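Encoded as structure tokens, the structure appears first; notes follow it.
The values are calculated or read from the model by the stated rules, or taken from the named source; none is laboratory data. Note that this is a predicted model, so its numbers are computed, not measured. A quick note on method: Cβ atoms are made from the backbone with ideal geometry, for glycine too, and the neighbour counts reach across all protein chains shown.
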Amino acid sequence: MEFKIDTKAQHLLITPAGGPLSVNMAARMEAQLAQLAETGSGHALIDLSHCQSAEEGIFEHLALWHERAYATGHSLVFANPSQAFLQAARDAQMEGAINLAPTLAEGLDIISMEIIERELFDEES
């Protein structure tokens, strides 16, 4: 599965082309994101609108990816999930382990709020 990356001012928008979200594709996205984070924003918004399902082992991979992003002070949000994707996340008990937003706008709001929170906490330290 291929994916498209758009560099925005505040984040990267990653859009998988379609089909099931696979472990192999997620690993390639993660490597690309790490490379892009070195030169720009490490915040990422993943548009799942073209992914109607997810491979069985994907959620453990996405949770690790999520943890790595937050450990480095970045945000990672998955937006526009299908009902099948949401159900698979619930079945894998990953709903709270990764950021899921119903729309791209709400995903961007999550990233914006987390950036503000980090700035506020940095000022208090």
Fill in: Given (1) touching a helix residue (DSSP H, G or I) at 6+ places or on another chain (Cβ under 6 Å); (2) buried (at least 18 other Cβ atoms within 10 Å of the Cβ); (3) free of Cβ contacts under 8 Å to residues at least 40 places away in the same chain; (4) not aromatic (Phe, Trp, Tyr), number of the condition Leu100 does not satisfy
(1)
Worksheet item: Could you give every pair whose Cβ atoms fall below 6 Å, whose first residue belongs to segment 1-22 and is closer than 14 Å to Leu104 by Cβ, and whose second residue is surrounded by 19 or more Cβ atoms within 10 Å (Cβ to Cβ) and of a type in the set (Ser, Thr, Tyr), counting only separations of at least 6 or pairs across chains?
Response: Lys4/Thr15
Worksheet entry | When residues of segment 80-100 are limited to those that are in contact with an Asp or Glu (Cβ under 9 Å, 6 or more places away or on another chain) and assigned to a helix (DSSP H, G or I), the one farthest from Ala44 (Cα to Cα) | Ala88
Discussion item. Looking only at residues that are charged (D, E, K, R) and exposed (fewer than 13 other Cβ atoms within 10 Å of the Cβ) in segment 1-31, which one is nearest to Ser75 (Cα to Cα)?
Written reply: Asp6
Practice prompt. Any residue in segment 45-59 that's within 13 Å of Phe3 (Cβ to Cβ): show its pairings with residues that are in a strand (DSSP E or B) and hydroxyl-bearing (Ser, Thr, Tyr) at Cβ separation under 7 Å, as long as the two are six or more apart or on different chains.
Written response: Asp47/Thr15; His50/Thr15
Fill in: Subset of segment 32-51 (residues that are surrounded by fewer than 18 Cβ atoms within 10 Å (Cβ to Cβ), within 28 Å of Gln87 (Cα to Cα) and modelled with pLDDT under 85)
Gln32
